[in-house]
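Have a look at the structure below before the remarks.
We did not get these values from a lab; they are worked out from the coordinates using the rules stated. Only a predicted model underlies this, so the values are computations on that prediction, with no experimental measurement involved. All Cβ positions, even for glycine, are placed from backbone atoms using ideal geometry, and neighbour counts span all protein chains on display.
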Amino acid sequence: MNDEPNSRNHHKEELEADMSLPPESPELPELAALTARLTSDGARWQSRLPDPAHVAEHIRDIAQESPRAASEEAPVMAVDLTSRPEGDRRAPRPDHRHRAPAGPGGRFLGLIAAVVVVALLATLFLRLANPGRATGPGTLPTPTQTQPAPTPTTPPATATSTPTTYPVLVYFSKHPDSLNDPTAVFPVQRVAPTSAVATFAIQQLVAGPTVEERSAGLFSELNSIFIAPSECDAGSNPTQGGPDFTLTLNKKGSTTEQGTATLQFCRPTSSPGIGADARIKAEIDKTLTQFSTITKVVILTRSGHCFGDESGLDLCLK
Amino acid sequence: MHVSEGTKSFAAIVPLYASAMLRVAAALIGPAEAEDAVQEASMRAWQAWSTLRDMNAVRPWLLQITVNVCRHWRRGLKGQQQAHMQSLPEEVPDLWAVLEADPGTSDHTGALDLRAAINALPGDLRSVVVLRYYAGLDATEIGGALSVPAGTVRSRLHRALLQLHERLAPPPSSFPQTTLHDTEGRS
């Protein structure tokens with residue numbers, strides 16, 4: 001179906017106009033036959049492509065089926081799906097997953113929680129033993145500036161509260177909610193063994209949800225987009241590889257901007273698709289903006305371009 | 001209302017360029033995946049629609065998005081292949097802008113030879129050839145889509161044509177006709 005008849009005519013005219021263009025500078029006469037042959041084969045090739053009217057129909061559906069696209073609301077950062085007004089944002093659900101139910105299941109969950117606590121304590125111990133390094137092999141971000149200090153807005157401490165740990169929230173996507181709304185993210189608690197809480201929180205995002213959390217539907221595609229090792233400096237311990245990302249506070253790219261954090265990936269990435277990009281951006285954005293010193297987040301690829309911005313215009317830096 | 005205006009303008013304008021986007025995607029990643037890539041590019045365009053200030057720039061903007069999506073598309077495929085072929089990273093073929101043999105023209109030896117010769121070109125030359133002759137873009141549009149100056153596109157196209165001409169030229173016979181004519185002319 002094509003309820004916009006002019007579009008089809010336009011395609012035809014456009015194609016004819018393109019094909020009637022003279023070859024690009026065939027200065028040598030012997031190339032004229034070659035360009036004619038290329039033009040002829042190109043026309044044959046194009047005649048076998050899918051019906052553009054069918055594709056046009058799908059494009060129209062995109063706008064009509066997604067009337068609440070973030071771009072409608074955001075004047076500049078339109079590609080950033082998380083830029084919707086606060087009132088339009090889905091409120092994070094309270095995290096009930098860690099509330100131990102009564103009965104044997106509750107005891108089992110309690111056991112898992114105890115294991116997690118032990119693991120966190122072990123991480124803390126390793127970190128104190130190696131103060132020059134971040135934690136976790138292969139996922140070790142090196143903050144380029146001072147991390148935001150934990151604020152009273154951070155969630156209540158869990159049983160592992162000590163003077164040197166800081167509770168943080170990490171926001172993951174969740175089946176099926178985030179498949180329908182990529183900006184829907186759900187918090188889980190982690191305990192940062194360092195005051196570099198923002199870096200720790202993103203490290204936890206890269207590491208992904210725990211087995212228990214995955215069984216509850218939580219997921220993140222952040223780790224799956226990396227297609228090559230880190231290209232950042234590995235620091236004092238090169239055998240562990242460089243970090244996955246760097247996090248710089250009060251910078252929009254290379255420009256100073258108070259309240260804006262720039263996260264740049266150290267590893268080349270490959271986008272699995274628009275939905276995954278949007279979910280990753282929502283996870284990072286929500287995880288970082290929980291800290292009062294971060295009000296806006298810019299995410300850059302390894303090459304310094306705006307993550308998820310296929311227009312090539314780097315709108316997140318504008 | 002702003003939302004409905006944006007929706008209406010997108011639904012009215014972008015489909016006009018579906019054909020061009022489809023041709024570009026088909027030339028770069030093949031007809032089989034072109035429709036999906038255009039769908040993806042359209043989604044990205046929709047998300048950034050309100051940032052587009054100059055409606056005269058819609059076509060180059062959409063084509064650039066399409067090219068970038070196709071680039072990611074191929075890079076992702078290549079990345080997946082590399083993940084499964086760790087011992088052969090050097091042998092992974094460059095899948096960008098490789099023309100498929102068209103089953104409908106399998107008896108057309110000339111077309112197959114031509115496409116084989118195009119596929120044998122270096123990637124930067126191959127991409128301008130397929131975008132020019134198989135996607136139907138002009139040098140300025142190709143330059144915009146690939147983020148290179150139009151002059152560079154023309155230069156690459158010229159080099160590509162010379163290389164294609166050389167590859168497709170018939171092998172010299174042992175008694176070229178021109179030589180006989182030359183001999184006759186001088187005697």
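As a rough guide to protection, the peptides A:280-287, A:187-194 ranked by mean Cβ packing within 10 Å, highest first, stand as A:280-287, A:187-194. Each residue, A:Glu65 and A:Asn223, gets one label point 7 Å from its Cα in the Cβ direction; the gap between the two is 3.1 nm. Note on A:Leu121 and B:Asn56: their simple-model spin labels are 7.0 nm apart, each label 7 Å out from Cα toward Cβ. Over 29 Å between Cα atoms, which of A:Lys281/B:Lys8; A:Lys286/B:Lys8; A:Lys286/A:Lys318; A:Lys318/B:Lys8 qualify? The answer is A:Lys286/B:Lys8.
The GluC sites (Glu not before Pro) found in region B:1-63 include none that occupy coil by DSSP while having at most 11 further C-beta atoms within 10 Å. Amide H to amide H, with H built 1.01 Å from N, A:Phe172 comes under 5 Å of A:Phe186, A:Val188, counting only residues 5 or more places away or on other chains. Counting Cβ atoms of other protein chains within 10 Å of each Cβ in A:29-37 and taking the mean gives 4.
Summarising the label geometry, the points placed 7 Å from Cα in the beta-carbon direction at B:Asp124 and B:Thr140 lie 2.4 nm from one another.
Compare the peptides A:248-254, B:127-133 by average per-residue count of other Cβ atoms within 10 angstrom and give them in order, highest first.
Working: A:248-254: 17.1, B:127-133: 27.6.
The peptides rank, most packed first, as B:127-133, A:248-254.
By the gyration tensor of its Cα atoms, with a ≥ b ≥ c the square roots of the eigenvalues, what is the shape of region A:183-318: rounded for a/c under 1.5, prolate for a/b over b/c, or oblate?
Verdict is rounded for region A:183-318.
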